[in-house]
Every structure is written in structure tokens, then in C-alpha cells.
Amino acid sequence: MKIILGIAGEIASGKGTVAKHIEEKHGGSAHRFSTALRDVARRMHLEESRENLQKISTIFRTNFNDDILSMVVCRDAEADTHQVMAIDGVRRIEDIKYLKSLEGFKLIYLEANIDIRYHRIVNRRENTDDAHKPYSEFIADHTREAESQIKDLKNYADFVVNNEGTFLELYHQVDKIIKDLGEGK
């Protein structure tokens, strides 16, 4: 049976770090909700900023349906032959409803305090607007529509992982989840 871990958490809580660990340590794969959005942004020669990605997401969901991105990710996961995979960037209740149809799907919610997450985002520079982001803007990012349901996802999580420590502490928690799921616990 496949182990498909949906990863949810607020901005810079460690979702990408967990996905990368699953790929590297467990020989798994990772699928991101933002991949389709980044593909469109690149094709349209738009800056891959958080604001632009959120606008593209809103356009898709408004003109098609709320679960359009989860449908894409779900189909990608169904076609994936890896035994362990991460689905990075679960943001909405609708995403979970769709993804729960995947056999072996479990939701992990990552927690970390806001100051830790702010320092991570500035240092990692994943989006073009991250490197010089003022703290006030980081706080404002949490009020955008795309981020509005994330905290509620904790209530639907199969596992809650604290990510305020070291990489090794985070990896240990994830490895234990995968081990337990693999053993059918």
C-alpha cells in the first residue's frame, strides 16, 4: 500500500523540507499544489511572487471549481509509482476532501511559531519577493484568501508535527510516522 502524506501548515512551517526529506531518505516523490501555478506564471512571463501565484489560484478556482488544483495533484499522485510520496501545500478543506479518496492518504499538519517562520522565509528566498519581505508584510500574507483555511486544517490532521527544533528532530518525527504507517499501526 502507498503512503501518501499531505502536508499542511502555515507559510514557512517546513512543508517543502518534509517533502524533500521524503524524496531523499525514503526514495519517495513530492507533488506540490504550487507546481501548476508556477508553470502558468512562467509561461505567462510573470514574476513567481506569492501574490501572483495566489491570483492565478483564485482565477482557476473562480472559473472552474474550488478543488481544481487538488484534482490535478490527486491525478499526479494516482499515476505515481513511488510507495511513499508527499503532497506539499494542502491549504483548503476542499483539498482534503478530494485527497482522502486516495488510498493511503494521511494529513500531516506542521506547526512553528511565527517568528521562526519569518526568519525561514527571508533566508530561503523561494519566491521572488521573500528576501526583502518586511515582518509586517509577512503578517499580512497570513490574511490573504489562500492562507485563510490553513489553521483549520489542524483539526483534520492525522498527525501534528512541531517544527520549532532542528532538522534532525523534524526528520525523526516524519520517519516515525512513515514507519508506523508502513507497519499498519
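Using the rule -39500 (n - 2.57) for each DSSP H run of four or more residues, divided by the residues of the chain, the 222 nm mean residue ellipticity is -14500 deg cm²/dmol. The ranking of V73, V90 from fewest to most other beta carbons within 10 Å of each one's beta carbon is V73, V90.
Pairs spanning more than 30 Å between alpha-carbon atoms, out of K25/K55; K133/K154; K2/K133: K25/K55; K2/K133. Which one of S70, L168, T143 has its Cα pushed farthest toward the positive end of the charge dipole of the range 63-185, where Lys and Arg give +1 and Asp and Glu give -1 at the Cβ? The listed residue farthest towards the positive side: L168. Along the axis of the charge dipole computed for the chain (Cβ charges of +1 for Lys and Arg, -1 for Asp and Glu, origin at the Cα centre), the listed residues F159, A79, G14 are led at the positive end by A79. Measuring nothing but how far apart in sequence close Cα pairs (under 8 Å, 6+ apart) lie, relative to its length, the chain scores a relative contact order of 34 percent.
For the options T166, T58, T17, a Gaussian network treatment of the chain with springs between C-alpha atoms closer than 10 Å singles out T166 as fluctuating the most. The value of relative contact order for the range 53-158, using C-alpha pairs under 8 Å at least six residues apart, is 29 percent. Determine the distance separating the Cα centre of the range 142-185 from the Cα centre of the range 43-76; give it in Å without decimals. For the range 142-185 versus the range 43-76, the Cα centre distance is 23 Å.
Rounded to the nearest 20 debye, the dipole magnitude of the chain is 140 debye, with +1 charges on Lys and Arg beta carbons, -1 on Asp and Glu beta carbons, and the Cα centre as origin.
Note on the range 1-57: Kirkwood hydrodynamic radius from all Cα pairs is 12.8 Å, rounded to one decimal. Pairwise inverse Cα distances across the chain, averaged and inverted, put the Kirkwood hydrodynamic radius at 16.8 Å. Modelled spin-label separation between E51 and E23, with each label point placed 7 Å from Cα along the Cα-to-Cβ direction: 2.9 nm.
Read-outs throughout are calculated quantities, based only on the coordinates presented, and are distinct from any laboratory measurement. This structure is a prediction, so every number in the text was calculated from the model and none was measured. Because the Cβ atoms are built from the backbone with ideal geometry, glycine has one as well, and the counts that use them run over all protein chains shown.
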